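Input: a single structure, listed below in structure tokens.
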Amino acid sequence: MIQARLKASARRLLCTGHHCARTILCTKTAETVILESIPGLVLWLRQHRAWEFAAARGLGRPFVAALRRAVQGQGRVSEKDLSVSFVDSDGDQVHFLRTGSDMSCLGLSIGAHSPPKRITQLRVADGGNAVLVRLEDGLAVQIVAPDEVVERGDLVRVAQAAESSGVLPIELKDPVSSMCCDYLCCMHRGRSPDDSAHRHFSNGAILHSLHWWADESPQGLQSSLGLLAGFSYEAGREDATNSYLLGRCPTRQGGVLFSVAEERTAWPEARLAGLRYTQTGLLSTVIEILQHAMCISSRKEDRDILFVDLGSGDGRVVDAVVRGLGWRGE
């Protein structure tokens, strides 16, 4: 029986669910928490016009609009073919565009020949002149746009396109998590409307926690706004199954936890290296400078010349210089 097996577990396990990987976490109190996707959340929020409910609860107008765009999806935003390009304050060509097989994701490329990477977090900062972006590989970058781009409203369009893809700001964590609790725990025809929740409640679990930005896959953002639900199998809570059978979804004593990983809330203060495309002309100039330095050095004495690539972040400049000069690179 799954309940007995999970209660006896004292290790961190990983098993495969129908929609995504389910992580089983063992806490200090030896309780077992299973993280599950919530594929029906966005559909339920749309059917119940959740943005109106949030507005009635006093949520700020910009966040109500962001929630509405996320719940209604890209069909509400007339930017399915979004394409915003400009040269940022660092002199790099920046391009925001729709990506994915159904063009439902938002991507970013930096440099003329850099392939786009999917955006999982986006925040407008510095009075609307900059955007903070986290990419699918975990890399976080800050992009400062010129004034004319800001005045055209291009950054606003980018932020709205991100929201319509399910990428929401941290300010919506609590209100959206609260509505997610309502969805998981509302009883419809004697059961939770969510299949995974129904299965766990029936097996004696309680709703323990909700995890913001925990599933940032394209499917996770579009169907559940990146939320995962944590179901706990606690010792001494044998009443959980009876409670569910009587028409009440059992939850954690003290309330369901609304969680977000700390590393997901940290942002860089400047551009991180590693995304810039190094132009052929720039490489030729670097090689000419180094050749000139070698000539001057050889006239005085035999010296080693140390060249360190601090610009591209992945060593491509060093590789090109090594090939151009026949040096030994380390």
Debye, to nearest 20: dipole size of segment 164-243, +1 on Lys, Arg Cβ, -1 on Asp, Glu Cβ: 200 debye
Geometric extent, Cα atoms of segment 100-148 - Rg, Dmax (angstrom): 11.7, 34
Debye-sum result for segment 27-184 in log10 I(q)/I(0), which assumes one identical scatterer on each alpha carbon, at q = 0.08, 0.09, 0.12 Å⁻¹: -0.27, -0.34, -0.58
Percent accessible area from carbon and sulfur atoms, segment 123-175, protein chains only, probe 1.4 Å: 46 percent
Whole-number accessible area per residue in Å² for segment 30-182, which is evaluated in the context of all protein chains at 1.4 Å: 42 Å²
Trypsin sites (Lys or Arg not before Pro) restricted to segment 116-198 and DSSP loop, no more than 16 other C-beta within 10 Å: R189
For segment 66-73, Karplus couplings with θ = phi - 60° (6.51, -1.76, 1.60), whole Hz, Gly/Pro x: 5, 5, 5, 4, 5, 6, 7, x
For segment 63-166, size of Cβ-based charge dipole, Lys and Arg +1, Asp and Glu -1, in debye: 540 debye
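The values are calculated or read from the model by the stated rules, or taken from the named source; none is laboratory data. For clarity, every value in this text was computed on a predicted model and none was experimentally measured. Cβ coordinates were reconstructed from backbone atoms using ideal geometry, including for glycine residues, and neighbour counts include every protein chain displayed. Quick note on the areas: whole protein, heavy atoms, side chains included, nothing else; ligands and nucleic acids left out. Shrake-Rupley method; radii C 1.70, N 1.55, O 1.52, S 1.80 Å.
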